[in-house]
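One structure is given here, and the rest of the page talks about it.
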Amino acid sequence: MQILDGKALSKKIEERITQEVKDLKSTCGCTPGLAVVLVGQDQASATYVNMKKKACDKVGFYSITHDMPETISQEAIEKTIIMMNNDSNIDGILIQLPLPKHIDTTKLLELVAPEKDVDGFHPYNVGRLVTNLDGFVPCTPLGVMELLREYKIDVKGKNCVVVGASNIVGKPMASLLLNADATVEICHIFTDDLKKHTLNADVVLVGVGIINLITADMVKDDVIIIDIGVSRTKEGKLVGDVDFLNVSKKSSYITPSPGGVGPMTIAMLLSNTLKAAKNNAAKLSKQSES
Ligand code: GUN
């Protein structure tokens, strides 16, 4: 059994990005910039945003957080997004989800300029992913693909079972696997007999936030396990969706949680923001030439 070490890989990626930011600064004088919208008091969201901000600082990005009260209006958030779309210091825009119930999330995600959509949630980028065209891909599934690539795991022809069908993780995860020529199944809350599906899987990718959802009797020998879930136990310990102790004994590769996919998500946000900054710099230099 080999651990897929997301912490180590994310560190390597962040070092590469730090160097690229230095190069970008010296060649065009530009600094990649990320703007984050955080609404309300959700503790988990605040923690994630703080981690994202720290990661930006570490690699030399400019970052700004628009910290808004729970009661903020739809119009006020829309105004902020429009302002960021038009701000040349901002290359990437991220709206931390979930948003309060009175907010129309879809409308906000559609308002983000697709070329600044570093979360890959705009329908334009979703469409590009599904049709296997270059664009922005959601950070968590993108991080999973990077992790598989690092360990030279080729999913071509493999049976991959994705557990969870969210727009943020499950659906883009399935698209990326399909684009990589895997055979893909998506299981979700209404799936009858989950075990029947996972037992047939060469790769199980699970991200639903249910502690110990995947147990050793549900997987075959030498399975590859990607645990995207993060939950807190009653004792306050962070754990994934997989019974790591027992499932790892049957696995060929497995991600720990925490320390697997989580750090890769942040590394991919940095990578997407750098990509946006490079695209935007190239566009500006083209405009100044003509
Ligand atoms: N909430 C949970 N995961 C994510 C994510 O990847 N991006 C954003 N914006 N919000 C989230």
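Results, tabulated for the structure shown:
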{"read-out": "The range 114-173: C-alpha gyration tensor shape, a/c 1.5 cut-off, then a/b vs b/c", "value": "prolate"}
{"read-out": "Fraction of alpha-carbon pairs over 17 Å apart in the range 161-284 - percent", "value": "60"}
{"read-out": "Summed residue charge, Cβ within 12 Å of ALA216's Cβ, Lys/Arg positive, Asp/Glu negative", "value": "+1"}
{"read-out": "THR131/LYS79 FRET efficiency (R0 30 Å; Cβ-Cβ; nearest 0.05)", "value": "0.40"}
{"read-out": "Rounded FRET efficiency, nearest 0.05, which uses the C-beta distance separating GLU289 from GLN41 and R0 of 41 Å", "value": "0.30"}
{"read-out": "Separation between Cα centres of the range 1-36 and the range 219-279, rounded to whole Å", "value": "19"}
{"read-out": "Additional length obtainable on full extension of the chain from LYS234 to THR215, 0.36 nm per residue less Cα span", "value": "4.9 nm"}
{"read-out": "Within the chain, helix-based [θ] at 222 nm, where runs of 4 or more DSSP H residues each add -39,500 (n - 2.57), nearest 500", "value": "-14000 deg cm²/dmol"}
{"read-out": "Compactness of the chain as Cα Rg over 2.2 N^0.38 Å, two decimals", "value": "1.02"}
{"read-out": "Cα→Cβ-extended label distance, 7 Å offset, between HIS188 and GLU110, nm", "value": "2.0"}
{"read-out": "Segments 141-153, 16-28 sorted - mean Cβ within 10 Å per residue, highest first", "value": "141-153, 16-28"}
{"read-out": "Sequence ranges 212-220, 273-281, ranked by mean other-Cβ count within 10 angstrom, highest first", "value": "273-281, 212-220"}
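Every number here is computed from the coordinates shown, using simple stated rules; none is lab data. This is a predicted model, so every value here is computed, not measured. So basically every Cβ, Gly included, is an ideal-geometry build from the backbone, and we count neighbours across all protein chains shown.
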